[in-house]
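Worksheet: one structure, shown below.
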Amino acid sequence: MNLSELRTFLTIIETGSLVRASQQLNVTQSTVTARLNSLENELGQVLINRQKSGASLTGAGVRLQRYANTISDLWRQARQQTALPDAMSSVCNLASHPDLWPHLGTRMFDYIRANHSQVALAVWHGSQADMHDWLGNGLTDISLTYWPNSNQKQVVYPIATDQLVLVSTRKDSPIKFDPGYIFVEAGEEFGQQHAEAYADADIARISFGSAQLGLEHLLINGGSAYLPLRMVKPHIADGRLFRLAEGPVFERNAFMVVNKSALETWPWFDDCLNDLMSDDDDA
């Protein structure tokens, strides 16, 4: 097995056919077929069903796909780190939940960039499942997350508590029964508390799984929503949003999960963590 075979396998999955895979890889179709045959022969399994309508994964192909993606990503990261200039002593691969990147993620990124010029930086955004997999297979070193899944090879640090406050584009917006209310998903605990506090209110017509997306919609279309205070402060200050003080306030904890193997090479980490946690502007 070699990387070209794995990349060919993944490209067939991505494009849905051997013909389109050959076009994307800029090789002949016979080369694509030969690579796939070689991979299947080595594993002793049929990975791709070849049909006139296209290519589809077999059960063995589905099982291989995850590992092929991991191997391909790790090789890309290895090439990146190996190619670093001599002035770079280490790499920090930072994964962040999209809602934690504004303020918290960018603060950490800016601190490392400004104070540790010998550290190369790479940033990844993804779902909780993505970040858990990336951290587990070593593709990333740090995850900023709301769900601190971890193992013995990782360390979990509580870094912040988000205050979820009710904001609106109107000063006189009702606390309940606002036809423009947007429900923004913020975890199971928030969902339960929200349901109890607004048990007699209507169900929101529009909902978002991300506070960042909810905020963007709110600013463009108007309405009200529960959003992290740190995220809406600038918009409250410039008068684009108004905090509805009568609405109950909820909380959501944020965490940093770090691979221990990375910590051993980062003498700067403790100072960075202290800087991040010393920021109490959102309290």
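The values are calculated or read from the model by the stated rules, or taken from the named source; none is laboratory data. All values reported here derive from a predicted model rather than from experimental measurement. Note: ideal-geometry Cβ built from the backbone for every residue, glycine included; neighbour counts use all protein chains shown.
Key figures
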read-out: Any hit, the range 18-33, residues being in the same structural domain as residue 73 (by TED's automatic domain parsing) and closer than 21 Å to residue 74 by Cα; value: yes
read-out: Selection within the range 198-209 - out of contact with any His (no Cβ under 9 Å at 6 or more places or on another chain) and surrounded by 15 or more Cβ atoms within 10 Å (Cβ to Cβ); value: 198, 201, 204
read-out: Top-ranked residue in the range 1-43 [being among the acidic types (Asp, Glu) and out of contact with any helix residue (DSSP H, G or I) (no Cβ under 6 Å at 6 or more places or on another chain); ranked as surrounded by the most Cβ atoms within 10 Å (Cβ to Cβ)]; value: 40
read-out: In the range 22-55, the residues that are in contact (Cβ under 8 Å) with a residue 12 or more places away in the chain and touching a strand residue (DSSP E or B) at 6+ places or on another chain (Cβ under 8 Å); value: 36, 47, 48, 55
read-out: Subset of the range 224-283 that is closer than 24 Å to residue 147 by Cβ and aromatic (Phe, Trp, Tyr) - its residue that is surrounded by the most Cβ atoms within 10 Å (Cβ to Cβ); value: 226
read-out: Test: residue 60 is hydrophobic (A, V, I, L, M, F, W, C), in a helix (DSSP H, G or I) and under 33 Å from the mean Cα position of the chain (by Cα); value: yes
read-out: Of all residues making up the range 210-223, the number that are within 24 Å of residue 97 (Cα to Cα) and loosely packed, with under 14 Cβ neighbours inside 10 Å; value: 2
read-out: The range 130-144 - residue that is surrounded by fewer than 22 Cβ atoms within 10 Å (Cβ to Cβ) and touching a helix residue (DSSP H, G or I) at 6+ places or on another chain (Cβ under 7 Å) and, of those, farthest from residue 93 (Cα to Cα); value: 137
read-out: The range 85-116 - residue that is polar (S, T, N, Q) and in contact (Cβ under 8 Å) with a residue 24 or more places away in the chain and, of those, nearest to residue 259 (Cα to Cα); value: 93
